[in-house]
1. Please go through the range 309-340 and give me each residue that is modelled with pLDDT of 95 or more and farther than 27 Å from GLU487 by Cβ, ordered by number.
2. Somewhere in the range 202-212, is a residue in contact with a Lys or Arg (Cβ under 8 Å, 6 or more places away or on another chain), crowded, with 20+ Cβ neighbours inside 10 Å and within 24 Å of ASN491 (Cα to Cα)?
3. Of (1) under 23 Å from the mean Cα position of the chain (by Cα); (2) among the hydrophobic types (A, V, I, L, M, F, W, C); (3) within 15 Å of ALA321 (Cβ to Cβ), VAL110 satisfies all except one. Which?
4. Within the range 153-183, track down each residue that is assigned to a helix (DSSP H, G or I) and free of Cβ contacts under 8 Å to residues at least 60 places away in the same chain.
5. For the range 139-156, how many residues are of a type in the set (Val, Ile, Thr) and more than 16 Å from LEU471 (Cα to Cα)?
6. Does the range 434-456 hold any residues that are closer than 21 Å to PHE142 by Cβ and among the hydrophobic types (A, V, I, L, M, F, W, C), and which are they?
7. Out of the range 121-136, which residues are more than 11 Å from the ligand (Cβ to nearest atom) and crowded, with 18+ Cβ neighbours inside 10 Å?
8. From LEU403, LEU410, LEU393, LEU365, which residue is closer than 19 Å to LEU324 by Cα and among the aliphatic types (A, V, I, L, M)?
Amino acid sequence: MIIYVLYAVLGLISYLFVIKPLTEMIRLKLQFGKDCKISFNFFGKEIYDQLKETKESKNERDIFNKQKTAYNKYQYKFFMTNMLWIIRISIADPLYQKEALLNHQLYQKVDPVCHNDLLSKGLMWSKGEQWKKQRLLLSSSFEFDSLKKKVPMINEITQSKIDNFSNENVLSSLQSITGLIVIKSFFGIQTDQIYINNTELQVEIANIMNEMGYMRFKSQIQSTKRLIFGTKAWKIFPTKEEKKLLQRVKDMRLIVENLVQQRIKYFEDSNNSQINNNENFLNILVNEYLKIKNKKQQETTLDQIIQEFITLQFAGTDTTAVLLYHCLYFLAYYPQAQEEIRREINESCPSSYINENEINNLKKLSAFINEVLRLKNPAMRPIIRVATQDHKLKDLKIKKGWLVCIDYFLQNQSEKHFDNAGQFNYTRWLQDKPIKEDNNFIYMPFSAGPRNCIGSQMALLEVKIILGQILKRYQIMINKNVEVSWEIHFNHQLSPTNAVILNKIK
Ligand code: HEM
């Protein structure tokens, strides 16, 4: 009897972990031939490899190198692999990427921190009608005319912080600027710096997200727990490190909740004219909250407002700070380009305050940022998605439950679309047609389609003002005492955080 049970269990395991994923891979291989690359992993080898690769990324120098080299060699359309029983398909062909991005409703984004109290209800991870409503509510605040009003605030924050720039941790100094910009955009310009256990709130949120996100690469136990238990993983035999992180999440949320509650109370106590004031994101959300408070079905909840703040903080702080850090690295690496761009800034922006009209004249700086985004975008690809139903992308059949990656960083470095694709050359963006065989879905540093980055214009505005101010004041040099690598933390990120040195220009 026992022997039959053992056979049955063995059969089930073989079916789930071997026959099922392998059959799907063979099916696609037969359909697409060399256009589809497959790699079958036995019993969790993928997780093991991922952890190993993360550890080895220091030797590799760029964690995405292997994938880029393979793509340039074979020019495949899809790469298919498995994590235990789950199929993962990476889409490398821009035509299929376009289909996937335009039909975003077929997917659910995977929450990288796998925790219900942080991001799941914010704009980045919400879905369906709820997402539409949230996007509509905030979208006009991210248009250039609204963003223009933030220019004085961005200048002031940058000026107040760049004199105390830390060469020991350049990235953290940048996070402190970009994070405060999001805090003031969310809570209002009068809001002072908020601290939590002596750390600036924006830095603490970035740290929590980084540590929670990085844990799935660092710890095999965490990644297996997440795979099996999803968001409940944090509650299953939490380690000391996990418990500490969860406490930090609670402390951080409490501070944000108090601020939101104060605003709700202020609005409730005020007259109607105050309620129409939409100058910051929180006012917009609180207005909406109060409008529907008395309805039976509460659509915007306090938890949603808190998570919207965490989402915008997460989406807008680290991404922008890492992009700035990458720009500083390339400016240091290419001193001639640094001089050319500094000259342009000094000629176009004579005072220390950079205004929105001057920003439009900074063509070389714009081109430089484009090139950094082409080669080292902190958001190398959109967040991994899960197919929520069986569907087709052109002739590619995708099944419910498959993980789908839209790997648009691959075409950024392909000769098919860029001349001398591997070379850093910012002047390519000053030419008429920098992209070959363009279908508008080749170069998409902020993704594309309805779920593209709502904050792209805000990010570019910030980056130009902050870089402009830094270049006016500092000479940027490579720190020769450290060895750099391009790792994946939460973003694709240059490591260590002191790869450049800023020297004051006398
Ligand atoms: C260099 C800076 C930035 C980069 C590279 C970047 C990149 C991206 C990318 C690739 C996506 C698509 C994600 C996906 O669909 O999986 C995205 C979405 C998003 N970004 Fe950004 N982003 C940046 C800055 C910002 C800023 C400053 C904000 C706001 C303060 C922001 C807010 C968002 C939000 C809310 C979404 C989700 C939009 C939706 O799903 O409707 N981002 N971003």
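The values are calculated or read from the model by the stated rules, or taken from the named source; none is laboratory data. Please read all numbers here as calculations on a predicted model, not as lab measurements. Using ideal geometry, Cβ is built from the backbone for each residue, glycine included, and neighbour counts are taken over all protein chains shown.
1. Of everything in the range 309-340, those that are modelled with pLDDT of 95 or more and farther than 27 Å from GLU487 by Cβ turn out to be GLN336, GLU339, GLU340.
2. Yes, that holds for at least one residue.
3. (3)
4. Looking only at the range 153-183, we keep the residues that are assigned to a helix (DSSP H, G or I), and these are 153-162, 170-183.
Matches in the range 153-183: MET153, GLU156, ILE157, SER160, LYS161, SER173, SER176, LEU180.
5. Our first condition is that a residue be of a type in the set (Val, Ile, Thr); within the range 139-156, this holds for 151, 154.
With more than 16 Å from LEU471 (Cα to Cα) added as a condition, the list becomes 151.
The total comes to 1.
6. Taking the range 434-456 and keeping what is closer than 21 Å to PHE142 by Cβ, we get 440, 443-456.
Of everything in the range 434-456, those that are closer than 21 Å to PHE142 by Cβ and among the hydrophobic types (A, V, I, L, M, F, W, C) turn out to be MET444, PHE446, ALA448, CYS453, ILE454.
7. Within the range 121-136, LYS121 is the sole residue that qualifies.
8. Working: LEU403 fails: closer than 19 Å to LEU324 by Cα; LEU410 fails: closer than 19 Å to LEU324 by Cα; LEU393 fails: closer than 19 Å to LEU324 by Cα.
Matching residue, one of LEU403, LEU410, LEU393, LEU365: LEU365.
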